[in-house]
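One structure is given here, and the rest of the page talks about it.
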Amino acid sequence: MSNDSFHQGAKEGFVRFLPLSIGLIPWALVTGVAMRSAGFSVLEAMGMNVIVFAGTAQLGTLPLIVVGAPMWLILVTALALNLRFVIFSAAIAPAFEGVPWWQRIFSGYLLTDGVFAACSPRMLTSNDKDWRLGYYLAPSLWSWVLWQVLALVGVLGATALPTTWSLEFMASIALMVLLVPFVVSRPMLAAAITAGTIAVALASLPLRLGLIAAIFAGIGAGFAAERWTQSTLPKERIE
Amino acid sequence: MNDQLMHSGVWLWLAFVLVALATHFPRASFIVAGGRVKLPAGLQRALRYAPAAALAALIVPDIVLVGGGLEPVNPKLFATIAVFVVATRWRNPWLPFIVGMAVLWSAQALLA
């Protein structure tokens, strides 16, 4: 392995990602506060933060964990929230060609939306595998450290904050901000509106079963809306 | 918050491990498998809607339901509208939290 090109890649990746990483700070703080408000001890909150290392999955499954929902429901919800990573993973995979399997597993653990969006374009055009790995690992490890430190600040700070401030709403705000970039296209909007409506309509079902029905209905609506939009386009666009 | 509803410590850690598996399996999938596996195009396109659907299904009931009943006009709704306006207009990552909480507290004070 060429250390020079690894270090060069690491430096360039870090410089590329540093300004964008500021966006992680409120998420990490909010996730820390939310886990503490859910009743976790400091150890439990930080344990979840290290082994899961995913804001959306942590915030999204928190309400289910708090009410003691069945394990399969927690699993299915987490999978639904994380399915985008299958697509990211498939897109970035060619950049890890020639990288040992244990480094790939570690790289997989570190994959985040931010680093994927910021770094995958250049990784996929470079033909130096050491440079690519450095360019990926430096911003990814920086994200990890930032995420853990600021979540800990949130976890430790949460107890000092009075409950009348409705700070748990900050977790909802975080989920909303994550939703915003998705709903720019009409099929995405259809998926979101359908899922939201079904979730409200079925909210009285036990164990939040309505949530799963809502997610599947949303996916179906998005797919149907996409088909419907495409049928108004020239025929070669239809598969 | 709800100690009797949240199960024992072992249950909690088991839940964390499950959420971790449901996170790291998708993340590592193709990075680890390399060029050997390909996702069917139709499935890949359907999967794109999963995160938006899951997020909306989590958020909307939290906003419009108050104590289990439908009550759409409440402080959280005004805060939600403010968050969406701010998040679509500006890229500042702090602003949705500051504006959202400010609107929530103002609406709570005014409607109380």
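The values are calculated or read from the model by the stated rules, or taken from the named source; none is laboratory data. None of these values were measured; they are calculated from a predicted model. Note: ideal-geometry Cβ built from the backbone for every residue, glycine included; neighbour counts use all protein chains shown. In case anyone asks, the SASA skips ligands and DNA or RNA and just uses the protein heavy atoms, side chains included. Shrake-Rupley method; radii C 1.70, N 1.55, O 1.52, S 1.80 Å.
Values computed for the structure shown
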| quantity | calculated |
| --- | --- |
| Percent RCO, i.e. relative contact order, over chain B, from Cα pairs under 8 Å lying at least 6 residues apart | 16 |
| Distance between the stretch A:175-190 and the stretch A:95-140 - C-alpha centres, whole angstrom | 27 |
| Ranked order, B:Lys76, B:Lys38, A:Lys11 - accessible area, probe 1.4 Å, largest first | B:Lys38, A:Lys11, B:Lys76 |
| Probe 1.4 Å - accessible area at A:Trp72, Å² to nearest ten | 130 |
| q = 0.15, 0.16 Å⁻¹, the stretch A:13-137: log10 I(q)/I(0) [Debye, one scatterer per Cα] | -0.79, -0.88 |
| For A:His7, solvent-accessible area (1.4 Å; no DNA, RNA or ligand), Å² | 110 |
| Portion, in percent, of the accessible area of the stretch A:1-140 that falls on carbon or sulfur, probe 1.4 Å | 69 |
| Karplus (6.51, -1.76, 1.60) ³J(HN,Hα), θ = phi - 60°, over the stretch A:100-112, in Hz, Gly and Pro reported as x | x, 4, 6, 6, 5, 4, 4, 4, x, 4, 8, 5, 10 |
| Summed buried accessible surface, chains A and B, 1.4 Å probe, nearest 100 Å² | 6900 |
| Between the stretch B:4-67 and the stretch B:96-112, the alpha-carbon center distance in angstrom | 30 |
| Chain B: radius of gyration and largest Cα-Cα distance (Dmax), Å | 19.7, 61 |
| Solvent accessible area, Å² - B:Arg45, 1.4 Å probe, full protein context | 40 |
| Accessible heavy-atom area order of A:Met123, A:Met46, highest first, probe of 1.4 Å | A:Met46, A:Met123 |
| Solvent-accessible area per residue for the stretch A:91-152 (1.4 angstrom probe, square angstrom) | 42 |
| Three-way shape label, chain A, alpha-carbon gyration tensor, a/c 1.5 | oblate |
| Shielding by partners, peptide A:142-153 (average Cβ within 10 angstrom, other chains) | 0 |
| Accessible-area ranking of A:Ile25, A:Ile198, largest first, probe 1.4 Å | A:Ile198, A:Ile25 |
| Interface residues in the stretch A:17-59 - accessible area drops by 50 Å² or more relative to the isolated chain, probe 1.4 Å | A:Pro26, A:Glu44, A:Ile51, A:Val52 |
